[in-house]
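The values are calculated or read from the model by the stated rules, or taken from the named source; none is laboratory data. Only a predicted model underlies this, so the values are computations on that prediction, with no experimental measurement involved. Neighbour counts are summed over all protein chains in view; Cβ atoms, including those assigned to glycine, are modelled from backbone coordinates with ideal geometry. To get the accessible areas, we keep the full protein, side chains included, count just its heavy atoms, and leave off ligands, DNA and RNA. Shrake-Rupley method; radii C 1.70, N 1.55, O 1.52, S 1.80 Å.
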Amino acid sequence: MKLSARLSALAGSTALVLGALAGAAPAGAAPAGATAAPDIPVANVKQHLADLQSIATANGGNRAHGRTGYKASIDFVKAKLDAAGYTTSIQQFTYNGTTGYNLIADWPGGDPNQVIMAGSHLDSVTSGAGINDNGSGSAAILETALAVARSGYQPDKHLRFGWWGAEELGLVGSKHYVNNLATTERAKLKGYLNFDMIGSPNPGYFVYDDDPTIETTFKNYFAGLGVPTEIETEGDGRSDHASFKNVGIPVGGLFTGASRVKSSAQVAKWGGTATAFDRCYHSSCDTTANINDTALDRNSDAIAHAIWTLSGTTTTPPTGTVFENTADVAIPDNGAAVTSSVTVSGVTGNAPATLAVGVDIVHTWRGDLIVDLIAPDGSVYNLHNRTGSSADNIQQTFTVNASSEVANGVWKLRAQDTASADTGYINGFKLTFP
Ligand code: DTR
Ligand code: CA
Ligand code: ZN
Ligand code: ZN
């Protein structure tokens with residue numbers, strides 16, 4: 001049985017920890033301040049680039065819209081995200097008479113009304129593999145998404161990632177996504193971060209100067225590295241962030257340069273040569289040999305820094321009244337559902353629209369599990385429905401709109417393992433009422 005450091009020695013299955021007791025923060029509360037982002041291993045990013053190169057090589061030498069190499073690229077990225085526990089979806093569109101695809105991946109948890117999104121176009125031009133343009137951005141946000149999953153990161157805000165089709169034909173995929181996003185859904189997007197060409201062989205370090213908060217977040221990161229940056233001037237309208245900016249969504253991003261020539265002043269600042277930032281831009285030589293590892297590494301780490309900073313837990317965990325049960329409840333393999341209960345008392349009126357439901361399930365295959373919250377009146381709120389395949393555990397805080405439920409009474413966390421092999425148990429269940 002996991003004894004929470006915050007629990008008094010109360011017997012029984014329900015412990016009441018009052019965050020408001022005597023005004024003291026509950027013992028063990030995380031200190032204020034955002035969680036620090038992990039380092040993004042550039043070797044992992046380069047492996048994704050090698051895989052994209054292999055896909056291009058096996059599909060006529062490119063990953064362009066409407067070609068087999070593009071769909072193979074989408075399937076490759078989706079498979080990794082599904083295995084890591086993301087909720088993914090493929091959005092189809094038609095352009096030039098051929099089908100295009102966007103891939104959207106949501107990390108479960110966080111406030112659904114505050115979404116931070118990172119995106120990159122995954123398509124290449126027809127003349128080559130498109131490793132810098134834009135395997136580099138696609139691979140960097142993929143590895144950042146995988147780092148979120150590896151760390152079990154549970155930010156305040158909801159995280160979403162997107163890989164766009166047909167950018168090279170005029171931002172077609174991202175425009176399709178935004179155009180089909182309801183106004184109410186657009187309003188939830190508090191920031192869109194775009195990464196298109198972030199590993200140029202003769203790199204510059206450019207920061208988009210659109211949303212000031214996002215811009216400052218990136219500039220501060222590079223200042224911490226002692227790497228000077230410049231404002232990206234090539235391009236309003238030159239990549240997918242324009243699709244989001246055009247509907248009023250705050251945007252930002254990073255860029256290492258394309259066909260323009262690095263000036264002598266920039267050479268003095270960044271090194272390299274007074275030639276094109278990427279001499280293989282839109283050419284067949286845009287292969288895995290067309291990448292500057294230092295730029296790719298720095299930008300990948302900057303992406304993680306921005307994701308953690310802009311979405312992170314910058315305050316202590318939700319304070320208020322916590323009702324918690326840490327009794328272990330075994331979940332029978334491919335068997336009957338089991339429950340863990342807490343008895344809520346002393347709360348006036350209904351539960352909140354943002355009820356924080358802390359789930360701590362230890363399991364070796366989260367894709368087997370169906371997990372529900374059951375209100376005192378029997379209403380069922382599904383929290384998890386077999387997504388995530390072979391990834392372990394479900395250890396996150398869900399935000400549930402329980403405003404139609406009377407707060408006081410017995411609430412249950414119900415878990416059922418619906419596939420054979422792999423086992424686990426409910427390690428803890430808690431509700432936080434603000
Ligand atoms: N249009 C992008 C490359 C590109 C050119 N200028 C900028 C500025 C900011 C981001 C990207 C770009 C492409 O060819 O995919
Ligand atoms: Ca790194
Ligand atoms: Zn391009
Ligand atoms: Zn591009």
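Got at least one residue in the range 245-263 being modelled with pLDDT of 95 or more, open to solvent by 10 Å² or more (accessible area, probe 1.4 Å), hydroxyl-bearing (Ser, Thr, Tyr) and on the phi < 0 side of the Ramachandran plot? Yes, the range 245-263 contains at least one residue that is modelled with pLDDT of 95 or more, open to solvent by 10 Å² or more (accessible area, probe 1.4 Å), hydroxyl-bearing (Ser, Thr, Tyr) and on the phi < 0 side of the Ramachandran plot. Scanning the range 397-421 for residues that are crowded, with 18+ Cβ neighbours inside 10 Å and touching a Phe, Trp or Tyr at 6+ places or on another chain (Cβ under 9 Å) turns up Phe398, Val400, Ala402, Glu405, Ala407, Trp411, Lys412, Leu413, Ala415, Asp417.
If you check Val207, Val261, which single one turns out to be under 30 Å from Ala50 (Cα atoms), free of Cβ contacts under 8 Å to residues at least 60 places away in the same chain and more than 27 Å from the chain's Cα centre (by Cα)?
Sole residue among the options that is under 30 Å from Ala50 (Cα atoms), free of Cβ contacts under 8 Å to residues at least 60 places away in the same chain and more than 27 Å from the chain's Cα centre (by Cα): Val261.
If you filter the range 131-152 down to residues that are open to solvent by 10 Å² or more (accessible area, probe 1.4 Å) and touching a strand residue (DSSP E or B) at 6+ places or on another chain (Cβ under 8 Å), you find that the one that is modelled with the lowest pLDDT is Gly152.
In the condition set (1) surrounded by 15 or more Cβ atoms within 10 Å (Cβ to Cβ); (2) not in a strand (DSSP E or B), Ala187 is compliant with all but (1). Filtering the range 234-244 to residues that are under 26 Å from Ser283 (Cβ atoms) and either within 16 Å of ligand 2 (Cβ to nearest atom) or buried (at least 21 other Cβ atoms within 10 Å of the Cβ) (or both) leaves Ser239, Asp240, His241, Ser243. Selection of the range 204-221 for residues being touching a Leu at 6+ places or on another chain (Cβ under 9 Å) and either within 16 Å of ligand 3 (Cβ to nearest atom) or among the hydroxyl-bearing types (Ser, Thr, Tyr) (or both) yields Tyr205, Phe206, Tyr208, Thr213, Thr217. Kindly check whether there is at least one residue in the range 158-174 that is in contact (Cβ under 8 Å) with a residue 40 or more places away in the chain, outside any strand (DSSP E or B), surrounded by fewer than 21 Cβ atoms within 10 Å (Cβ to Cβ) and under 20 Å from the mean Cα position of the chain (by Cα). Looking through the range 158-174, none of the residues is in contact (Cβ under 8 Å) with a residue 40 or more places away in the chain, outside any strand (DSSP E or B), surrounded by fewer than 21 Cβ atoms within 10 Å (Cβ to Cβ) and under 20 Å from the mean Cα position of the chain (by Cα).
Does the range 384-392 include one or more residues that are part of a strand (DSSP E or B) and within 26 Å of Gly85 (Cα to Cα)?
yes
Within the range 190-213, the residues that satisfy the criterion of being away from ligand 1 (no atom under 14 Å from the Cβ) and either over 26 Å from Ile131 (Cβ atoms) or open to solvent by less than 30 Å² (accessible area, probe 1.4 Å) (or both) are Lys190, Gly191, Asn202, Asp211, Pro212, Thr213. Just give me the residues in the range 232-241 being modelled with pLDDT of 95 or more and either more than 9 Å from ligand 1 (Cβ to nearest atom) or not small (Gly, Ala, Ser) (or both), in sequence order. Asp240, His241, listed by residue number. Within the range 216-223, not a single residue is open to solvent by 70 Å² or more (accessible area, probe 1.4 Å), within 12 Å of ligand 1 (Cβ to nearest atom) and outside any strand (DSSP E or B). Mind listing just one residue for me: the one in the range 366-392 that is open to solvent by 40 Å² or more (accessible area, probe 1.4 Å) and at pLDDT below 90 and, of those, farthest from Ala79 (Cα to Cα)? Applying the filter and picking the extreme gives Asn385. Of all the residues in the range 241-252, those that are among the polar types (S, T, N, Q) and assigned to a strand (DSSP E or B) number 0. Of the residues that sit in the range 97-130 and are open to solvent by less than 10 Å² (accessible area, probe 1.4 Å) and hydroxyl-bearing (Ser, Thr, Tyr), which one is farthest from Ser300 (Cα to Cα)? Once the filter is applied, the top-ranked residue is Ser124.
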